[in-house]
Amino acid sequence: MKPVVSIILTSYNKPNTVGKSIESVLAQTFTHWELFIMDDASNEETTTKIKSYLHDERIHYYNSQIENKNRYKTTRYATLINTAIPKTKGEYVTYLTDDTVYVPKRLELMMQAFNHNSAIEAVYSGQKVIHVDKHLDVLTERTRMTKGTLQEAANIVDHCSVMHTRKIADQVFQTFGSFWDDDPKYWHNADAAFWSRVNTFTSFHPIDEILDISYKTPYSFQNLNANLPEHLPEGTIVKGQSSNVYVIEENRRREIDREWFTVLNYRNRDIVEIPDPILFKYSLGPKIDETVFSNPSLFPNGRLVKAKESTTIYYIENHQKRLIDGFKAFKKFKFQKKDIIPLTYEFLEGFELGPPINSSITEHTILPSQLLFKDFSSYYLSNQNQLHPIEKNSVKKLNLKEQQAIRLSKKEKKIFTEGDPFCWTYFQK
Ligand code: UDP
Ligand code: MG
């Protein structure tokens with residue numbers, strides 16, 4: 001029997017919810033559907049979960065086998081949808097994500113609307129959004145009700161609340177050259193971008209019932225990416241979905257071996273959780289393990305060090321050692337005693353000497369990098385003697401301590417060039 005409705009489910013590493021999404025399709029009262037599970041090269045836990053459902057012949061499985069290093073290049077779910085649509089056979093196309101469930105009557109009620117009025121090309125319904133914590137316990141709930149017939153559905157209607165005819169998809173393709181726009185700038189709202197395309201041909205007809213329930217976990221792309229600057233500052237400690245921890249250095253990610261994490265005075269509370277597609281944007285740099293103690297060019301920047309038997313403290317920057325010239329300088333830049341890493345005298349000797357760090361800020365000052373500064377109203381991160389503006393929300397996201405920001409007077413601030421701001425460019429839904 002030819003399927004009437006084609007459902008496209010996009011999946012990436014959500015082993016705890018993807019099964020529920022698939023089951024909600026299996027529980028539909030309208031049964032003439034086909035389901036395309038578009039898996040974006042998920043981990044084994046997720047694919048094992050998915051594979052337990054593939055015996056139903058209405059279900060088709062596709063694995064993108066995307067290499068992690070290419071994950072950030074397009075809005076992945078839009079790319080997967082574009083791959084799926086030509087494979088589908090239904091007269092209607094609809095979408096599902098791996099953290100959303102349909103209510104059992106979703107397809108039936110949507111089909112009723114199409115059958116009732118043949119002029120309708122796209123329908124949408126209400127949605128319940130449930131924010132949950134890491135254990136899937138409910139934090140808050142809200143409903144997105146329908147808002148009448150929509151000539152502009154963008155940013156009003158969610159990904160999982162729409163069904164449209166194949167005819168509309170074909171018209172979009174003919175006019176725009178693709179179905180969904182998978183430009184990476186749409187990571188947050190490629191659905192909205194596609195609705196805009198659809199809206200050039202037709203409006204969205206409402207079905208005034210809640211027909212899908214969407215779960216927002218702390219690991220959802222939007223939650224992890226919120227307020228994260230597009231370029232990660234040097235020295236940021238990051239973690240994607242796996243347990244590996246990295247430090248961003250010279251635009252690469254250096255994995256920090258767990259054992260050496262503590263030795264090098266990194267702290268768990270500084271770890272910033274980021275989406276995998278952003279993490280994999282950075283290529284792998286040299287690992288941070290015992291080898292960094294044998295070669296100054298491998299020793300991570302932004303660390304406080306001293307020789308075991310000495311009281312002279314240095315700040316490592318550009319793989320050079322910068323002398324911190326006395327206690328006043330140490331205090332001025334809010335360095336912390338507990339961060340000092342003791343090294344052997346011989347190893348410390350091997351570092352080239354960089355410019356010293358003094359307590360007074362003058363036109364001769366070369367600001368230490370990777371520190372947070374604050375003037376009367378704004379925050380800045382220092383890097384290579386420039387001050388890069390950064391939003392307060394991004395300061396929080398990066399786990400930088402606001403109360404430890406180094407105060408700069410207007411006069412002091414003026415001495416330094418303002419670098420490119422750390423911007424969060426993605427549109428927030
Ligand atoms: N997704 C994907 N590849 C990735 C990351 C995400 O295909 O590398 C899919 C994911 O399976 C989901 C959709 O993109 O269907 C949206 O992701 P998520 O639920 O994490 O984001 P949010 O709900 O915050 O938009
Ligand atoms: Mg989601």
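Brief remarks on what is shown
- Links that overshoot a 30 Å alpha carbon limit, given the list Lys287/Lys334; Lys73/Lys413; Lys185/Lys396: Lys73/Lys413
- Contour minus Cα-Cα distance for Ser359 and Asn155 (0.36 nm per residue): 68.4 nm
- In order along region 161-174, phi translates into HN-Hα couplings of 10, 10, 9, 9, 6, 4, 4, 5, 4, 5, 5, 4, 4, 4 Hz, rounded to whole numbers, per the Karplus curve 6.51 cos²θ - 1.76 cosθ + 1.60 with θ = phi - 60° and x for Gly and Pro.
- The chain - share of DSSP beta bridges that are antiparallel (%, nearest 5): 45
- Region 1-125: C-alpha gyration tensor shape, a/c 1.5 cut-off, then a/b vs b/c: prolate
- Relative packing of 75-88, 353-366, which averages over residues the other C-beta atoms within 10 Å, highest first: 75-88, 353-366
- Annotation: amide H-H contacts under 5 Å for Val162 (H modelled 1.01 Å from N, sequence separation of 5 or more, or interchain): Tyr95.
- Whole-Hz ³J(HN,Hα) from phi, Karplus 6.51 cos²θ - 1.76 cosθ + 1.60, for region 91-97, glycine and proline x: 7, 10, 10, 8, 10, 9, 10
- Cα→Cβ-extended label distance, 7 Å offset, between Asn199 and Val263, nm: 5.7
- For region 262-351, a crude dipole built from +1 on the beta carbon of Lys and Arg and -1 on the beta carbon of Asp and Glu, taken about the Cα centre, is about 540 debye to the nearest 20.
- Taking a ≥ b ≥ c as the square roots of the eigenvalues of the alpha-carbon gyration tensor, region 296-429 is classed prolate because a/c is 1.5 or more and a/b outweighs b/c.
- Using a probe of 1.4 angstrom and keeping all protein chains present, the accessible surface of the chain works out to 47 square angstrom per residue.
- The protection proxy used here, the mean number of other Cβ atoms lying within 10 Å of each residue, ranks peptides 115-125, 35-45, 91-101 as follows, highest first: 91-101, 35-45, 115-125.
- The chain - percent of accessible surface contributed by carbon and sulfur, probe 1.4 Å: 49
- A prolate overall shape is assigned to the chain, the ratio a/c of its alpha-carbon gyration tensor axes (a ≥ b ≥ c) being 1.5 or greater and a/b exceeding b/c.
- Under the criterion of Cα pairs below 8 Å and six or more residues apart, the relative contact order for the chain equals 13 percent.
- Packing, as the average of other Cβ atoms within 10 Å across residues, places the peptides 224-236, 326-338 in the order 224-236, 326-338, highest first.
- Only helical runs count toward this figure. For the chain, summing -39,500 (n - 2.57) over DSSP H runs of n ≥ 4 and dividing by all residues gives -5500 deg cm²/dmol at 222 nm.
The values are calculated or read from the model by the stated rules, or taken from the named source; none is laboratory data. Computed from a predicted structure; not experimentally measured. We place every Cβ from the backbone using ideal geometry, glycine too, and count neighbours over all the protein chains shown. Surface accessibility is based on the protein's heavy atoms, side chains included, excluding ligands, DNA and RNA. Shrake-Rupley method; radii C 1.70, N 1.55, O 1.52, S 1.80 Å.
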